[in-house]
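The values are calculated or read from the model by the stated rules, or taken from the named source; none is laboratory data. Not measured: the values here are computed from a predicted model. We place every Cβ from the backbone using ideal geometry, glycine too, and count neighbours over all the protein chains shown. With ligands, DNA and RNA removed, areas are computed over all heavy atoms of the protein, side chains included. Shrake-Rupley method; radii C 1.70, N 1.55, O 1.52, S 1.80 Å.
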Amino acid sequence: MPIQKCVGPRLAQEMGLKPIEQNNQGKNGLDSPLLTLDGVVKRFPGCLANDNVDLVVRKGEIRALLGENGAGKSTLVKIIYGLLAADEGRITWRGEPVTIEGPAVARDMGIAMVFQHFSLFETMTVLENILLAMPKGTSPAELRERVVRISRDYGLPLDPGRHVHTMSVGERQRIEIVRCLLLDPSLLILDEPTSVLTPQEAISLFSTLRQIAREGRAILYISHKLEEVKALCHTATVLRAGRVVAECNPSETSARAMAELMIGDRPQSAERGDDERSGQIRLTVKGLTLAAADQFGTDLQDISFGVAEGEILGIAGVAGNGQRELMEALSGEGPALEDPHAILIEGAAAGQLGPAARRRLGAAFVPEERIDHGSVQNMTLSENAFLTAFRRLGLTRLGLIDRPRTRGYARQVIDGFDVRASGTEAEARSLSGGNLQKFIVGREILQEPRILVIAQPTWGVDAGAAAAIHQALIDLARRGCSVLVISQDLDEIFAICDRIAVLSDGKLSEPRPIQAVSVDEVGLLMGGLHDMAAIPEAGGREASLG
Amino acid sequence: MSDISWLVPVILTVITASTPLLLAATGELVVEKSGVLNLGVEGMMVVGAVAAFATASSTGSAVLAILAGLAAGAAVASVFGFLTLGLVANQVATGLALTIFGIGFSALIGAGYVGYALEPLPKLDIPVLNDLPFVGPILFGHDALVYFSFAALVGVSWFLYRSRAGLVLRAVGESHDSAHSIGYPVLRIRFLAILFGGAMSGLGGAYLSLSYTPMWAENMTAGRGWIALALVVFSTWRPGRLLLGAYMFGAITILQLHAQSAGIGVPSQVMSMLPYLATIAVLVAISRDATKIRLNAPGCLGKVFHPAR
């Protein structure tokens, strides 16, 4: 079974990742543990999030924390970072028993964390966001220089004066990482750090992380990408349903074995049919030119493509190259276009229609931001399901909400996409990121749209669930839907798409059949036009491989 | 100079009419920037007014009276802080209750003081400067609270946009979860902001009962707390516009009074509406840029903070 597809070995190999040598200090046991957790238990109403978890992190060690969505990884690191208090168990830091009362205490101890959902202030500038995490008395002018220097050294380009609300997810993550690096931590916790990076960015991040580890700092690395864990991490702790089920050496354990430990059974990888797709074009974009809404956005320049019946078209690219603008233009969230014929949905001019009207024409949309755009946090899952599905599925009766049918539909999504929730009446905010994503994707797919536009379909979703979403997208296309996937995850695009185009600086390359392009080509196209300090080294390595 | 000398008393009354609004609104600006919506400004003002008047009439000390106004406003605000932050009560309902409570409570305290009058607060009196024609009385002829209201606004602007503590306060108002996750004590910062807002409202009330009309009358704030609240929102949380709004409101209030006494043929009720309409119209007109509003509005305004969700 081609399990490797869903964990992306090809990309890892082509990126030139090699398992690095075992950490000698840790192996010889010469080094005392930096952080030790003993029997940590955390209960939430109706759920045991951490069940007697033991964990040891040593200096200079990169330890992976592996587990499915809802396995308790985020809860565990929140306890370490002082955001949650453990119900039972002991925490030892540098040999001393400690109580981590809050994040401020954790940071004073030398623990820094990059969050999966970023803890950034949207209306403030990059510099202000970083200043807030610095000790008192930090001079803003001096900090600006340090930010510029660190962001250049680590290949994380940042403009300190930019406002965060104008930035994409990938760019925001750079702020978080730079903010942590500036704190000079002993233990750095990263929650899914590479999920929104290009291969080149990931390579440069990995060399950064290795350098940090060589300096004697420890890293706790949460990721679903097993090949990355194999390439980067010295040790791995596998969590399942809140318990530690295994400790392993990722360089000696196969990705498949680790995936089995995580999920309990083998994940299915997406299988693509190779039938001919020559049906009619359902979604057409023709000469779409759009000035950015603000000075920090990207102008879209003369974008043209078509998505045929039964086809999956992938648009690759680094965040901030026009993805947000393109998604807003396609979904109708943005301002009406000058030319209504720039976007044709089933042949109908849709350029000046709002999102609801476009949905009525047969399109469905899954935006990148699952919290602000994809769901209403304070509403229940059945209410969230109703919001986009009521017209197509007829979930109303005499103008009122048909509760039983709405609940039935939400139940169908929850069951069909393995959403871990307490029920259809759970609030959207109570779901973990990956589970919410599964719910939102499932909600759109089960409406059987004729066109589906989906951005970052598996961001923050674990390998098993990602494979399920990929399979659902492929099956949907087989049933005749035109699917447009906007993603930064090249593995994903190569795994499911029939054709690929690259969005760079607001311009879209000519879509080409997936068999006709290599990861290198696409990666360089994505990153090469981007202002990346680390390109030469990575590019050189890739060229020699290619 | 004699041809414009009639303007001097008009400008002086405009300043006295605007000062209590400016004081209370400056306090509420800080509160809202920290993410808390305290609708109890009116209640805190009126309690500050009665406390200041009672202290002034029993001790005769203006300094003690002003301090009493500050303390009374802060005390009422601390109740609000305890209920909304400590017991996680709804901010809107608690603020409204605070206003109703303040009006009733001040009437009870002030029952024995109705009908008495006080000497107004001493004016700054600088011999030579004060005798300058026109600019003398306008620049140098006020009591200390007027100067303080300007100093407080400048100080608050500096604090919010130039100091680190102000950045932290804005961060708490923008996203309390993010601020919490990088280690700031959200509830303590908000409580301090609420206390400051209460003290400034109390001071605004004290100005009314000590200087504007140096006497006590039941419900003497007459809705000024609500105007101060509205000014904060309509100024899109920007100090400069807050000053503009407060003075515009004060100016039109006074000018329409003069117009009424001059006997122009417009119903007095319509004239009384003018300050409200004009202030709102101007502030709405200058703040139509949605991006700017989004940049200045506190993201978590009025939202309840649940740590460790």
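Within segment A:38-66, which residues are at positive phi and either open to solvent by less than 20 Å² (accessible area, probe 1.4 Å) or within 14 Å of another protein chain (Cβ to nearest Cβ) (or both)?
A:Gly39, A:Gly60
Within segment A:128-140, track down each residue that is at pLDDT 90 or above and open to solvent by 70 Å² or more (accessible area, probe 1.4 Å).
If the condition is that a residue be at pLDDT 90 or above and open to solvent by 70 Å² or more (accessible area, probe 1.4 Å), then no residue fits.
Quick one: is A:Gly82 part of a loop (DSSP other than H, G, I, E, B), more than 29 Å from A:Val229 (Cα to Cα) and within 13 Å of chain B (Cβ to nearest Cβ)?
no
I'm checking my understanding of the structure. Among residues of segment B:149-176 that are among the charged types (D, E, K, R) and without any contact (Cβ under 8 Å) to a residue 12 or more places away in the chain, which one is nearest to the other protein chains (Cβ to nearest Cβ)?
The qualifying residue nearest to the other protein chains (Cβ to nearest Cβ) is B:Arg164.
Take the conditions open to solvent by less than 60 Å² (accessible area, probe 1.4 Å) and more than 14 Å from every other protein chain (Cβ to nearest Cβ) and apply them to B:Ser235. Does it pass?
For B:Ser235, the condition - open to solvent by less than 60 Å² (accessible area, probe 1.4 Å) and more than 14 Å from every other protein chain (Cβ to nearest Cβ) - is met.
Where in segment A:473-546 are there helices (runs of 4 or more DSSP H), lying wholly inside it, with at least 2 residues that are modelled with pLDDT of 65 or more?
Because the criterion is at least 2 residues that are modelled with pLDDT of 65 or more, the helices (runs of 4 or more DSSP H) in segment A:473-546 that meet it are A:490-496, A:519-528.
Is it the case that segment A:361-380 has a residue that's of a type in the set (D, E, K, R) and outside any loop (DSSP other than H, G, I, E, B)?
Scanning segment A:361-380 turns up no residue that is of a type in the set (D, E, K, R) and outside any loop (DSSP other than H, G, I, E, B).
Can you tell me which of A:Ile212, A:Ile219 is within 27 Å of A:Leu34 (Cβ to Cβ), more than 14 Å from every other protein chain (Cβ to nearest Cβ), at pLDDT 80 or above and in a helix (DSSP H, G or I)?
After ruling out the rest, the residue left standing is A:Ile212.
Evaluate the following for A:Leu187: is it away from every other protein chain (no Cβ under 14 Å), buried (at least 21 other Cβ atoms within 10 Å of the Cβ) and in contact (Cβ under 8 Å) with a residue 60 or more places away in the chain?
When the stated conditions are applied, A:Leu187 passes them.
Of all residues in segment A:366-391, how many are touching a residue at least 40 places away in the same chain (Cβ under 8 Å) and either touching a Pro at 6+ places or on another chain (Cβ under 7 Å) or within 18 Å of A:Ile414 (Cβ to Cβ) (or both)?
15
Could you list, in sequence order, the residues of segment A:122-138 that are in contact with a Leu (Cβ under 8 Å, 6 or more places away or on another chain) and of a type in the set (Asp, Glu)?
A:Glu128 - this is the single residue of segment A:122-138 that is in contact with a Leu (Cβ under 8 Å, 6 or more places away or on another chain) and of a type in the set (Asp, Glu).
Would you confirm, using the coordinates I've provided, whether A:Ala71 is more than 14 Å from chain B (Cβ to nearest Cβ), buried (at least 21 other Cβ atoms within 10 Å of the Cβ), at pLDDT below 90 and not in a helix (DSSP H, G or I)?
Yes; evaluated as a whole, the condition is true for this residue.
Restricting the search to segment B:282-309, which residues are more than 14 Å from chain A (Cβ to nearest Cβ) and loosely packed, with under 11 Cβ neighbours inside 10 Å?
B:Ala285, B:Arg288
Can you run down the residue pairs with Cβ atoms below 7 Å, 6 or more apart or on separate chains, where the first is in segment B:48-61 and charged (D, E, K, R) and the partner is at pLDDT below 90?
none
Select from segment B:157-181 the residues that are open to solvent by less than 10 Å² (accessible area, probe 1.4 Å) and within 19 Å of the chain's Cα centre (by Cα) and list them in ascending order.
B:Leu160
Pull up segment A:85-99, narrow it to residues that are among the aliphatic types (A, V, I, L, M) and either within 9 Å of chain B (Cβ to nearest Cβ) or in contact (Cβ under 8 Å) with a residue 12 or more places away in the chain (or both), then point me to the one that is most open to solvent (accessible area, probe 1.4 Å).
Ranking the qualifying residues of segment A:85-99, first place goes to A:Ala85.
When you go through A:Arg358, A:Arg407, A:Arg403 one by one, which is the residue that is in the same structural domain as A:Gln456 (by TED's automatic domain parsing), over 18 Å from A:Pro457 (Cβ atoms) and of a type outside the set (A, V, I, L, M)?
Answer to the selection: A:Arg358.
Could you count how many residues in segment B:281-309 are modelled with pLDDT under 80 and more than 28 Å from A:Ala293 (Cβ to Cβ)?
Result for segment B:281-309: 4.
Among what's in segment B:182-208 and is assigned to a helix (DSSP H, G or I) and open to solvent by 10 Å² or more (accessible area, probe 1.4 Å), pick the residue that is farthest from the other protein chains (Cβ to nearest Cβ).
Filtering segment B:182-208 for residues that are assigned to a helix (DSSP H, G or I) and open to solvent by 10 Å² or more (accessible area, probe 1.4 Å), the one farthest from the other protein chains (Cβ to nearest Cβ) comes out as B:Ala199.
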